[in-house]
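The values are calculated or read from the model by the stated rules, or taken from the named source; none is laboratory data. Remember, predicted model here, so these are calculated numbers, not experimental data. Reconstructed Cβ throughout: ideal geometry from the backbone, glycine too, with neighbour counts over all protein chains shown. The area values use the complete protein model at the heavy-atom level, side chains included, leaving out ligands, DNA and RNA. Shrake-Rupley method; radii C 1.70, N 1.55, O 1.52, S 1.80 Å.
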Amino acid sequence: MQQHFSLAECDVVGFDLDHTLCRYHLPQSARLIYDSFAQYLVTEKGYDEDLLTLAPDSLDFCCKGLVLDIEEGNFLKLAEDGTVLRASHGTKSMTSEEVLEIYGRKEWKHFNTVSGMVSRTAKYYLYDNYFDLPGALLCARVVDSLDQHDGQKKYDFWKDMVAAIQHNYKISAFKEDCGMYFPEVKNHPDKYLQRCPESVKKWLKQLKNAGKILLLITSSHSDYCRLLCEHVLGNDFEEYFDILITNALKPGFFSHTPNQRPFRTLENDEEQEALLSLDKPGWYSQGNAIQLYDLLKKMTGKLDPKVVYFGDSMHSDIFPARHYSNWETVFILEELLGDKGIVPAKAESEPLEKKGKYEGDQLKVPYFVSKQWGSYFMDRLPGLENAEETLVHTWSCKCISTYSTIAIPSLEAIADLPLDYRFTRFSSNSSATAGYYPSPPRALLPNEDSVMMK
C-alpha cells in the first residue's frame, strides 16, 4: 500500500453526522445526556435520587476507550495487548497493586471479543463516543450507590440502563417529544450544537465541484438528522450531498447483507417498504454498504470506486468501514485537541451572556485529558512502588493506527488544505505517529511521557 493518502484520489467522500459534521458543545451535551438517563433511572426504575446531582468535576470520569465489565461493576483501561492498565470499581480508582492482584499481567478475559469489535453482549460495554460517555459516569455512580445500599457482588443494573437509552433515543422519541434529550435539543439548539465553520462548508462544495460524490451516513433518524443539518449547515443542507442515509444502524450497515438490512424510502420521516435495489441518489433509511457500493459503481462509471469515510466512532464508523467495506477511513478524534491542552478559540471569544447554563459550573470539557484515567494514547503498566515503569500504547491507540487511514481533530483542521494534499497514512512500516494530522498527540512523542502520565 502506498505511503500517502489524498482526497483527490477518492471518488466518493462519506461522512458520519454526530460529532463529525455536526459538532456539539461537549460540556452541555454531556450534562444533558447524563441527566436524561439519570432522570429515567430515578423516576421509572426507583434508583437513588442522589444520581440526579452532579459534582462540577465529576465528568472527569468520562474517558473514551473505557470498557465496563458489567457483572463486576468495574471500568477498565486496556493496553494494546489486552492487559489492564487502570481500573475503577464504580467511580473509585483501584491502586496499581489492586489492579495487579485482580487482573494480573495477562489479557483481560473478554479482550478477544472486544478487540474483534463484538458489541452485543451482556458481559461488557465499550465506551467509544461522546453519546456514550456520560452513561459511563452514570453506571459508575449506580455501582457506588448499589454498594452503599445493598453491598452487591454481581450487578444487574444494565437492563435498566438499556431501557433508559431506548426511552430517550428510540426512533419515535423525537416525534413524540419523549424523554428529556430530544425536546431539550429542539428547544435550545444553540446551547448544544456548534454551527459548521464556513471553511468546512466551502470545502464540501469544493469536493462536490471536483466531481466527488458526497454521502451522509448516520444512525440518527431522519427527523433528528434534519434538525441537526439545518442548524449546523443551513436550510439548503441537502444540496451538499448526493446520497443521505439515516437510521443506518451502524455498524450493521457495513456488516449486514442486503437481505438482512434492505434500504427503505421515507415519507414524512416514516419508513416505507423495503427496496430490492438502490437505483438512484436521494434520501434513504437503513440499508447496507453492499447495495450502496453497487450504486456508487453506476454513478462513477468505475468498477472499483475509491471511497473515504469520516467518522468519530471506532466501533460504528472506522472499524466496520475498513474491515467490511475496505474503505479509506478518517478518524475524527477531538482528543488530539485535548492532548495539546488547547482551549478552542471559539470558547474564549464568546460573550458571557451567550455562555450556556452549565459553563458557570466549571464542567470539564470531556476531551481534555482525564485526571483519573490519564492519556487516551499511552499509559504506564501498573507496577509495584519501586519497579521500573514501562510505557505502553493503549488498546484505543492501537485501533487508530490499525483501522484508520489518518486521524484528525476535526474537519476544520483539513478544510483549508488543497484537495491533492498528501497525508502520510498509518501503516505498519511507518512510525506509530505517522497518520496523525496536523501533529501527533504529545503523549506519543519521546521525552514528553512524564508530562502526560502524571
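Laid out as a table, the results:
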quantity	calculated
Amide H contacts under 5 Å for TYR309, placed H, 5+ residues apart	GLY14, GLU328, THR329, VAL330
222 nm mean residue ellipticity, helices alone, for the chain (DSSP H n ≥ 4; -39,500 (n - 2.57); rounded to 500)	-9000 deg cm²/dmol
Vicinal HN-Hα couplings computed from phi for region 169-183 (Karplus, 6.51 cos²θ - 1.76 cosθ + 1.60; Hz; Gly/Pro x)	10, 4, 3, 8, 4, 5, 5, 8, 6, 8, x, 9, 5, 5, x
Cα→Cβ-extended label distance, 7 Å offset, between HIS188 and GLU71, nm	4.1
Average accessible area per residue (Å²) across region 116-206 - probe 1.4 Å, nucleic acids and ligands excluded	49
Stokes-Einstein translational diffusion, the chain - Kirkwood Rh over all Cα pairs, 1.002 mPa s, 20 °C, in µm²/s	94
Distant-in-sequence amide H partners of LEU278 (H built 1.01 Å from N, under 5 Å)	none
Of LYS159/LYS398; LYS77/LYS106; LYS170/LYS205; LYS154/LYS398; LYS201/LYS280, those spanning more than 22 Å from alpha-carbon to alpha-carbon	LYS159/LYS398; LYS170/LYS205; LYS154/LYS398; LYS201/LYS280
Modelled FRET efficiency - R0 56 Å, VAL392 with GLU273, Cβ distances, 0.05 increments	0.60
Cα-centre dipole for region 1-100 with unit charges at Cβ (Lys and Arg positive, Asp and Glu negative), debye to 20	260
Of all accessible heavy-atom area on the chain, the percent that carbon and sulfur account for (1.4 Å)	49
Options LEU41, ILE406, PRO134, ranked by Cα towards positive dipole end of the chain, top entry (Cβ charges)	ILE406
Whole-Hz couplings from phi, Karplus 6.51/-1.76/1.60, listed for region 72-77; x for Gly and Pro	8, x, 10, 9, 10, 10
Nearby aspartates and glutamates by direct alpha-carbon distance to LYS202 (threshold 17 angstrom, same-chain neighbours under 8 apart not counted)	GLU230, ASP236, GLU238, GLU239, ASP242, GLU412, ASP416, ASP420
Label point distance in nm, ASP48-THR121, each placed 7 Å from Cα along Cα→Cβ	2.9
Normalised convex hull volume, region 26-188, alpha-carbon set, Å³ per residue	120
Using a Förster distance of 51 Å, the FRET efficiency for TYR421-GLU98 (Cβ separation, nearest 0.05)	0.60
Separation in nanometres of the label points that stand 7 Å from Cα toward Cβ, at LEU249 and LYS109	3.1
For TYR24, distant residues with modelled amide H under 5 Å away	HIS19, GLN194
Packing-based ranking, highest mean first, of 73-83, 327-337 given that Cβ atoms within 10 Å are counted	327-337, 73-83
Region 378-383 - phi-based ³J(HN,Hα) in whole Hz, Karplus 6.51/-1.76/1.60, Gly and Pro as x	9, 7, 8, 5, x, x
